[in-house]
Amino acid sequence: TNQEGVDIFFHTDIIPISSEKDLSDNIIICQDITYLKKIESELEYAVNHDSLTGLPNRLMLRKKIQEAIEKSKEKQEIFALCFIDLNKFKKVNDEYGHHVGDMLLKHLGEVLSDIIRDDDTLARIGGDEFVIFFEHLKSLEYLDLTLKRIEEISKKNPLNYTEDLTIPLSFSLGVSIYPKDGDNIE
């Protein structure tokens, strides 16, 4: 860590050199790879997140679900997936343009993120489809209450794009609970 508190990464090679009288010296070559680490981190983020909303994508969601299945088999835990599909999204894009559609997707992502716990994962898996991964469910009561709150947001949270343009938020949703509704990712 440098004086400004920024982490600096180095690649180090140590080359031993023998000298007389059983003394040993080393040549140490250090190369600053901080920039490469930053690029690596940015690439990893890009691979696992949706570029529009910044939410986890399908790939990251699949990894998390697979890990949860493995943990759940050991600990006998349950988890749930809530699939959300925007209604009339194509109509919004066609009527108002893709920028408005993009803003609607971002808006839905923000609204849903505010409802779920920090332990839950909201992912955009494609187009106008989102999935909420409810990991570590202690009870189905929390799931029921959260689903009711999610259903209510469509009435309370339209996208106010401009003073003259308000896009209603409407979506369909379905829920699957592991292991009751299925015991694998598919």
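Taking residues in region 160-179 that are under 21 Å from HIS136 (Cβ atoms), and partners anywhere that are open to solvent by 70 Å² or more (accessible area, probe 1.4 Å) and charged (D, E, K, R), the pairs with Cβ atoms closer than 9 Å and at least 6 places apart or on different chains are LEU173/GLU151; VAL175/ASP181; PRO179/LYS73.
Consider region 78-109 and keep the residues that are among the aromatic types (Phe, Trp, Tyr) and modelled with pLDDT under 95. The one that is farthest from ILE125 (Cα to Cα) is TYR96. For region 38-76, the set of residues classified as open to solvent by 50 Å² or more (accessible area, probe 1.4 Å), within 17 Å of PHE133 (Cα to Cα) and acidic (Asp, Glu) consists of GLU67, GLU70, listed by residue number. Taking each residue of region 36-52 that is without any contact (Cβ under 8 Å) to a residue 60 or more places away in the chain and looking for partners that are part of a helix (DSSP H, G or I) with beta-carbon atoms closer than 9 Å, six or more apart or interchain, yields VAL47/LEU59; VAL47/MET60; ASN48/LEU59; ASN48/MET60; ASN48/LYS63; HIS49/MET60. Could you check how many residues of region 98-136 are open to solvent by less than 10 Å² (accessible area, probe 1.4 Å), touching a Lys or Arg at 6+ places or on another chain (Cβ under 8 Å) and assigned to a helix (DSSP H, G or I)? Counting residues in region 98-136 that are open to solvent by less than 10 Å² (accessible area, probe 1.4 Å), touching a Lys or Arg at 6+ places or on another chain (Cβ under 8 Å) and assigned to a helix (DSSP H, G or I) gives 2.
Pairs needed: first member in region 79-93, open to solvent by 100 Å² or more (accessible area, probe 1.4 Å); second member anywhere, among the charged types (D, E, K, R) and outside any strand (DSSP E or B); C-beta distance under 9 Å; at least 6 residues apart or different chains. From residues that are open to solvent by 100 Å² or more (accessible area, probe 1.4 Å), the pairs are LYS90/ASP128. In the set (1) modelled with pLDDT of 95 or more; (2) assigned to a loop (DSSP other than H, G, I, E, B), LEU61 fails one condition alone, (2). Among the residues of region 17-36, are any outside any strand (DSSP E or B), modelled with pLDDT under 90, touching a strand residue (DSSP E or B) at 6+ places or on another chain (Cβ under 9 Å) and exposed (fewer than 10 other Cβ atoms within 10 Å of the Cβ)? Yes: region 17-36 contains one or more residues that are outside any strand (DSSP E or B), modelled with pLDDT under 90, touching a strand residue (DSSP E or B) at 6+ places or on another chain (Cβ under 9 Å) and exposed (fewer than 10 other Cβ atoms within 10 Å of the Cβ). All of (1) touching an Asp or Glu at 6+ places or on another chain (Cβ under 9 Å); (2) modelled with pLDDT of 90 or more; (3) of a type outside the set (S, T, N, Q) hold for LEU137 with one exception: (2).
Of all residues in region 137-176, those satisfying the criterion of being outside any loop (DSSP other than H, G, I, E, B), open to solvent by less than 80 Å² (accessible area, probe 1.4 Å), of a type outside the set (Val, Ile, Thr) and within 13 Å of ILE84 (Cβ to Cβ) are LEU147, SER154, PHE171, SER172, LEU173, GLY174, SER176.
The values are calculated or read from the model by the stated rules, or taken from the named source; none is laboratory data. Keep in mind that what you see is a predicted model, and the values were worked out from it rather than measured. Positions of Cβ are backbone-derived with ideal geometry, glycine not excepted, and every protein chain shown enters the neighbour counts. We work out accessible area using only protein heavy atoms, side chains counted, and drop any ligands, DNA or RNA first. Shrake-Rupley method; radii C 1.70, N 1.55, O 1.52, S 1.80 Å.
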